[in-house]
1. Work out from phi, with θ = phi - 60° and the Karplus expression 6.51 cos²θ - 1.76 cosθ + 1.60, the ³J(HN,Hα) of each residue of the range 144-158, listed in order in whole Hz, and give x for Gly and Pro.
2. Kindly list the residues of the range 92-122 that lie in the label zone of E168, defined by a backbone N under 19 Å from the point 7 Å along the Cα-to-C-beta vector.
3. If I compute solvent accessible area with a 1.4 Å probe over the protein chains, what percent of it on the chain is carbon and sulfur?
4. Once amide H atoms are built 1.01 Å from N in the peptide plane, which residues 5 or more positions from Y116, or in another chain, come under 5 Å H to H?
5. Just read off the accessible area of E130 with the full protein assembly in place, 1.4 Å probe, to the nearest 10 Å².
6. Tabulate in residue order the Karplus-calculated ³J(HN,Hα) for the range 111-120, using 6.51 cos²θ - 1.76 cosθ + 1.60 with θ = phi - 60°, rounded to whole Hz; enter x for Gly and Pro.
7. With a probe of 1.4 Å, find how much accessible area the chain has per residue, and write the answer as a whole number in Å².
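The values are calculated or read from the model by the stated rules, or taken from the named source; none is laboratory data. Because the structure is a prediction, the values reported are computed rather than measured. When we count neighbours, we look across all protein chains shown, and the Cβ atoms used for this are built from the backbone with ideal geometry, even at glycine. Side chains are part of the model used for accessible areas, which takes the heavy atoms of the whole protein and leaves out ligands, DNA and RNA. Shrake-Rupley method; radii C 1.70, N 1.55, O 1.52, S 1.80 Å.
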Amino acid sequence: MSEIFEILQLGHPLLRQTAEPIVAISESSFQSQLDALLEFVLARGGMGIAAPQVGISQQFFILSSHPNARYPYAPQVEPFVVINPVITSSSATQTKDWEGCLSLPGIRALVPRFDYVDVRYQTHLGETIETRYEGFLARVFQHELDHLHGKVFLDRVETTLDVMMEQEWQRQIVSQRS
Ligand code: ZN
């Protein structure tokens with residue numbers, strides 16, 4: 001039953017497009033798409049995925065968080081759907097931390113992100129949520145939101161000296177944490 005999604009890789013033009021807003025959240029075809037993508041994220045154990053990454057050029061993403069070897073400080077948050085998101089306000093300060101992306105496998109980079117973001121979005125039920133995310137969730141939210149506007153984390157990197165290949169990152173960074 002689980003739909004198999006193909007993850008688009010950097011270079012695919014769809015990853016560089018601005019996605020379309022969702023107007024009919026309650027529509028059954030959209031709802032089944034959401035269910036399939038949620039299931040996919042649960043199965044992959046990822047921290048999130050944006051619709052354009054699986055070839056759907058629409059304004060939604062799945063946000064999820066759980067501690068693992070790569071991100072031991074990540075909070076435990078069950079996957080949830082974020083539709084038509086906007087950042088309404090953000091912290092004056094930014095912090096750099098490591099990011100990776102299913103669409104850029106093998107690459108890790110230090111990416112500056114706002115420490116907190118005030119956001120507005122709609123749930124899978126069409127309810128409007130206004131809330132603040134900080135720390136790790138704020139980072140994942142900003143990363144996924146970028147995908148809806150044709151941006152990837154490498155676009156935010158300050159210097160190529162902040163980019164590492166996965167193998168070196170594992171050796172130097174992840175192993176230091178445990
Ligand atoms: Zn990504």
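1. Rounded to whole hertz, the list is 5, 4, 4, 4, 6, 10, x, 10, 10, 4, 4, 5, 9, 5, 6.
2. What the label zone holds, given the 19 Å backbone N cut-off, is 97-101, 104-112.
3. Numbers: 4770 of 9040 Å².
Ligands and nucleic acids excluded, carbon and sulfur give 53 percent.
4. S91
5. Its heavy atoms expose roughly 130 Å² to the probe.
6. Coupling constants for the range 111-120: 10, x, 9, 4, 5, 9, 9, 8, 10, 10 Hz.
7. Numbers: 9040 Å² over 178 residues.
In whole numbers, the chain has 51 Å² accessible per residue.
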